[in-house]
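Each reported figure results from applying straightforward, stated rules to the coordinates on display, with no laboratory input. Keep in mind it's a predicted model, so treat the numbers as computed, not measured. In this analysis, Cβ positions are derived from the backbone assuming ideal geometry, glycine residues included, and neighbour counts consider all displayed protein chains.
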Amino acid sequence: MANMLEVKNIETYYDLVYAIRGASFAVEEGSITAILGNNGAGKSTILKTIMGLIEDQPDKGTIEFEGVQIQHKDTDEIVRKGIAYVPEGREVFEELTVHEHLLMGAYTRKDSSMIKNDIEKVFDYFPVLKERTNQWAGTLSGGEQQMLAIGRALMLRPRLMILDEPSLGLSPLLVKDIFSIIKEINQNGTTILLVEQNANMALSISSTGLILENGRFVMKGKSKDLMEDKDVKEFYLGIKSETSAKGYQRWKRKKAWR
Amino acid sequence: MIDFIQMIVSGVATGSTYALMGLAMVIIYKTSEVPNFAQGEMALITSYFAMMLLTTMNISVYLAFFISFAFAAILGAFLEFVILRRAKEPNVLGMIVITIGIEMVLLGFVSWKFGAEEKTMPFPIGPYDGFIVGGIYISKLDVLTLISALFFMIVLYLFFKFSKLGLAMKATQQNSVAAQIVGIKTNRIMMMTWGISSLVGATAGLLISPTVMQPFMMWDPMLKGFAAAVMGGMTSLPGAVIAAYMLGIIENLFGGYISIEFKTVVAFAIIVLVLCVKPSGLFARHYVKKV
């Protein structure tokens, strides 16, 4: 299938910090792609670079969405092309109600007759939000805020949905719910790019996995294969392969990624 | 008794100008969390612009006022676009200092261009036109000010409550990153906010100018308007208006019964009191961020 998003060799600086050191990847249309990596590997930075949220970045490289270059464009213009972004830590409008959030999610849309319909669809995904329609987002729990952030992104009717750590700070049960909904959203025709710390969960729903270390991609493959990979198992899934009789790990696998 | 009612009536009248200035400040604060100290001088320069139109050009008063309002809106948008948007990595404190800087530049410009002496504004309603109802003197200008204050309060309230653009303005203030990622052009929103706010402020300026017209004419109304806005909770439009009327009335009663010398100071004493007792303002329904 065709590549929907193609990132070629981007380099991003935060002032003087060289955060993304030449990363390339592609997101296939209709797929779920997961980017995994440790803290500080640059996962969120890649997403922010794609969304144009870091001023004057990427320093080098190109980002193509459906064949059109979108780097150095304003965020609102990128959003209008059909990319929805669910930021890390939810970023809701604290003093707007749930209903107002969903209206704001559809801010760029002109077809006001369909918006009402889509709000109902969001409530189908997240029934809790329906009970909270007229409540301020700031008074919602963390999980509800996450659902609201995803719902707000859905209101854009995006072609591509980018999620930054949807599991952050949620209970394991809720994480499972959220991920099954993400999968459902994907099955209904939205391509998904996902960044996660929770490697197990992310690999279980995604079709392609990428591993980012120190601003570079070090591994790429089908999610099934990655789950079986020895290094990924040890470093990201927390499955140890070698233990001594006493239960200590006697040696540490040394891995040079390149 | 007549004295008392007369004082309340004039209190309402002064309160109306405070209300207009308060509204103007609240609008900008609502979207950017910056109290705009240049508000008064933006209104000042618009008033002088109107005077210039009326004295040098032979056009009708209504046309002149219409042009002045357009000038005010463009001036606000222009200041945002040219000065505030250029601020690199802005924080609230830096922005406040910038607005103070704009204020001084505008004040200096008006004094230099038009002179610091008292001018007369060829306003259709004179400051001494009025009528007497049951022994109470009511000036026509005050009635007009009251009507405009209430008009702007209602229109703006409805605008923020029900229009998509108003909602986008609120969203921008609460979380500008999130506003960007739903596709709101936050820069443009800021520009519009400054335009609208400048227009509301200019109304106050134009309504004050028949009574007093010199470069410092907006100082007192601006500070009192700001005081009212703080008292009303800084984000609440009706709050600012109600607080402005309270200030106007209390000030007048204080001046009449206790001490005329300390009349203008009493507003600030009230602010201190309010901030001690209820720091979020009397009418704010503000969500407190969980830490």
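The figures follow:
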| read-out | value |
| --- | --- |
| Around B:Ala77: net Lys/Arg minus Asp/Glu count, Cβ-Cβ under 13 Å | +1 |
| Within chain B, longest stretch free of exposed GluC sites (Glu not before Pro) [DSSP loop, at most 12 other beta carbons within 10 Å] | B:119-260 |
| Shielding by partners, peptide A:106-114 (average Cβ within 10 angstrom, other chains) | 2 |
| Bridge type composition, chain A - antiparallel percent by DSSP, nearest 5 | 55 percent |
| Calculated from backbone phi, Karplus (6.51, -1.76, 1.60) coupling profile of region B:259-269 in Hz, x at Gly/Pro | 7, 6, 5, 8, 4, 6, 7, 4, 4, 6, 4 |
| Chain B, relative contact order in percent, only Cα pairs under 8 angstrom and at least six apart counted | 36 percent |
| Under 5 Å, built H, 5+ apart or other chain: amide partners of A:Val218 | A:Ile211, A:Leu212, A:Glu213 |
| Rounded tilt (10° steps) of A:112-125 against the dominant C-alpha axis of chain A | 50 degrees |
| For A:Val218, B:Val133, B:Val155, order by how many other beta-carbon atoms lie within 10 Å, fewest first | B:Val133, B:Val155, A:Val218 |
| Dipole magnitude of the protein assembly as shown about its Cα centre (Cβ charges: Lys, Arg +1; Asp, Glu -1), debye to nearest 20 | 1540 debye |
| Top of A:Thr139, A:Thr191, A:Thr75 by mean-square fluctuation, Gaussian network on chain A, Cα under 10 Å | A:Thr139 |
| Shape category assigned to chain B from the gyration tensor of Cα positions, a/c cut at 1.5 | oblate |
| Residue-by-residue Karplus 3J(HN,Hα) for region B:21-35, coefficients 6.51, -1.76, 1.60, Hz, glycine and proline x | 5, x, 4, 4, 6, 4, 4, 5, 5, 4, 8, 10, 6, 10, x |
| Cut-off 12 Å between beta-carbons: net charge of the residues surrounding B:Ala13, Lys and Arg +1, Asp and Glu -1 | -1 |
| Partner aspartates and glutamates for A:Lys121 [C-alpha distance under 15 Å; skip if fewer than 8 residues away on the same chain] | A:Glu131, A:Glu184 |
| Length-normalised contact order for chain A - Cα pairs under 8 Å, 6+ apart - percent | 25 percent |
| Within a Gaussian network of chain A (alpha carbon springs, distance under 10 Å), most fluctuating of A:Val17, A:Val79, A:Val175 | A:Val17 |
| Amide H within-cut-off set for A:Leu96, under 5 Å, with H built and near neighbours excluded | A:Ala137, A:Gly138 |
| Karplus-derived 3J(HN,Hα), 6.51/-1.76/1.60, for each residue of region A:23-34, Hz, glycine and proline x | 10, 10, 6, 9, 10, 6, 4, x, 9, 10, 10, 10 |
| Expected-Rg normalisation [2.2 N^0.38 Å, Cα atoms] applied to chain A | 1.05 |
| Those chymotrypsin sites (Phe, Trp or Tyr not before Pro) in region B:78-140 that DSSP places in a loop and that have at most 13 other beta carbons within 10 Å | B:Tyr128 |
